[in-house]
Ligand code: SF4
C-alpha cells in the first residue's frame with residue numbers, strides 16, 4: 001500500500017541485540033556449505049537474525065547464491081482469493097477475520113461458483129502460477145468442502161493454474177478429498193514457534209496445525225506453510241519455526257510481516273524494520289534452501305523501498321490484494337521484477353535454473 005507511513009522503528013524481537021557469533025567462513029562460507037548440501041544449524045540461523053545491518057549485503061549475496069541454484073532468476077506469482085471472509089470462531093490475534101477482531105472488513109459466506117471462476121480468470125490474467133482459495137474458518141463445513149471439490153476441476157479445465165486450498169484445520173479424510181478433486185497444495189501456516197503459539201491463539205494449538213500438515217502430506221498434497229514476523233516473538237521463535245518447516249519438508253513457505261490491523265488484538269504492535277524483514281527472508285532461505293520462499297502479506301508496509309532486495313532471497317510473491325487488505329498494484333510488481341532482471345515463470349518453466357558458476 002503506497003500510503004503506508006514511514007516510521008523509524010526498533011528491532012522486532014526482545015532478544016534482537018543478543019550477540020551470536022558469525023558462522024565460520026562468514027556468510028559466503030555458510031552459502032558454500034548449504035550449496036554443498038549442509039544444513040544450517042540453529043545457532044547459525046540465529047546469527048543471521050542477530051547480525052548488524054552492515055552485514056546485510058553479505059547475507060543477501062549468500063541467500064542469492066542459494067536461491068539462484070534452485071530457482072535461477074525466476075519469480076512465481078500467487079494470487080489470493082478470499083472466498084469466505086470474517087465470521088471465524090477462532091481467536092488468532094493477528095487476524096482481522098477472527099471472532100475477537102473489531103476490524104472493519106467485508107464479511108460474507110462462501111462465494112458462488114461464478115465468482116470463484118472469475119477469481120481464477122483474474123489469477124491467470126495476472127500471470128499467477130497458483131490460485132489460492134482461502135476461507136475464514138476453523139475448518140471447512142461439509143458444504144464448503146463440496147463447493148471447493150466441485151470448483152477445482154472446473155478451474156483446472158479452463159486455466160493453467162495450480163490450486164492451493166487454505167481451508168483451516170483438515171481431517172485426513174478431508175485432505176484425501178481435496179487431493180482427489182485436483183487440489184495441488186494446501187496452505188496451513190505454523191505462524192510461529194510451538195512455544196509462542198499460545199500467545200497468538202488459544203482456540204486451537206500448534207499441534208493441531210502440525211496434524212493438518214501431516215494429514216495433507218499423507219494424502220499426497222504439497223505443503224504450503226509459513227509464518228508471520230512482528231507479533232512479539234523472539235529470534236529463537238522464528239528460527240524454531242523455520243527448522244520445523246524444514247523437518248516437515250514444506251515445499252512452499254510464505255513469510256508474512258505483521259500488518260497490525262486496527263481492531264485486532266495485535267493492533268499497532270508490529271515493530272519491524274525493512275532490514276529485519278530481509279534478515280528473516282535470508283534466514284528462511286538458508287534454512288530451507290530448496291523451498292519456494294514467498295514474500296507475503298505486509299511487504300509493502302514493512303519492507304517498503306527495500307522490497308526488491310527481498311527477491312534475492314525469496315523467489316515468489318503474492319500479486320494483487322491480500323485477504324482483507326490491499327496490495328500494491330500488479331503493474332508495480334511487474335515493474336519491480338523486470339527492473340531486477342528477473343522473470344515471472346509459471347510451473348515447469350521454472351524447473352531449469354541456470355548453473356551458478358561459483359557453485360561446487
Ligand atoms: S483460523 Fe484463520 S480465519 Fe480464523 S481467526 Fe485464525 S487465521 Fe483468522
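Some points to look at:
- Condition check for residue 160: surrounded by fewer than 19 Cβ atoms within 10 Å (Cβ to Cβ), more than 16 Å from the ligand (Cβ to nearest atom) and modelled with pLDDT of 95 or more: no
- Residue-level check: of (1) assigned to a loop (DSSP other than H, G, I, E, B); (2) in contact with a helix residue (DSSP H, G or I) (Cβ under 6 Å, 6 or more places away or on another chain); (3) more than 23 Å from residue 95 (Cα to Cα), residue 160 misses just (2).
- Selected residue (criterion: nearest to residue 191 (Cα to Cα)) from residues of the range 212-231 that are more than 17 Å from the chain's Cα centre (by Cα) and free of Cβ contacts under 8 Å to residues at least 40 places away in the same chain: 214
- Top-ranked residue in the range 189-205 [being touching a helix residue (DSSP H, G or I) at 6+ places or on another chain (Cβ under 7 Å) and within 18 Å of residue 235 (Cα to Cα); ranked as farthest from the ligand (Cβ to nearest atom)]: 195
- Sub-7 Å Cβ pairs linking a first residue in the range 74-92 that is within 12 Å of the ligand (Cβ to nearest atom) to a second residue that is in a strand (DSSP E or B), at least 6 apart or interchain, are 82/134; 83/133; 83/134; 83/135; 84/108; 84/135; 85/108, ordered by first then second residue.
- Taken together, the residues in the range 100-150 that are within 20 Å of residue 171 (Cα to Cα), assigned to a loop (DSSP other than H, G, I, E, B) and either more than 16 Å from the ligand (Cβ to nearest atom) or out of contact with any helix residue (DSSP H, G or I) (no Cβ under 8 Å at 6 or more places or on another chain) (or both) amount to 3.
- Any hit, the range 49-71, residues being within 30 Å of residue 340 (Cα to Cα), modelled with pLDDT under 95, touching a strand residue (DSSP E or B) at 6+ places or on another chain (Cβ under 9 Å) and away from the ligand (no atom under 16 Å from the Cβ): no
- Failed item in (1) farther than 22 Å from residue 217 by Cα; (2) at pLDDT 90 or above; (3) surrounded by fewer than 22 Cβ atoms within 10 Å (Cβ to Cβ), with residue 75 passing the rest: (3)
- Counting the residues of the range 207-263 that are buried (at least 22 other Cβ atoms within 10 Å of the Cβ), in contact with a helix residue (DSSP H, G or I) (Cβ under 7 Å, 6 or more places away or on another chain) and in a helix (DSSP H, G or I) gives 6.
- With respect to (1) more than 16 Å from the ligand (Cβ to nearest atom); (2) in a loop (DSSP other than H, G, I, E, B), the lone exception for residue 180 is condition (2).
The values are calculated or read from the model by the stated rules, or taken from the named source; none is laboratory data. This structure is a prediction, so every number in the text was calculated from the model and none was measured. Methodologically, a virtual Cβ is constructed for each residue, glycine included, from the backbone with ideal geometry; neighbour enumeration extends over all protein chains shown.
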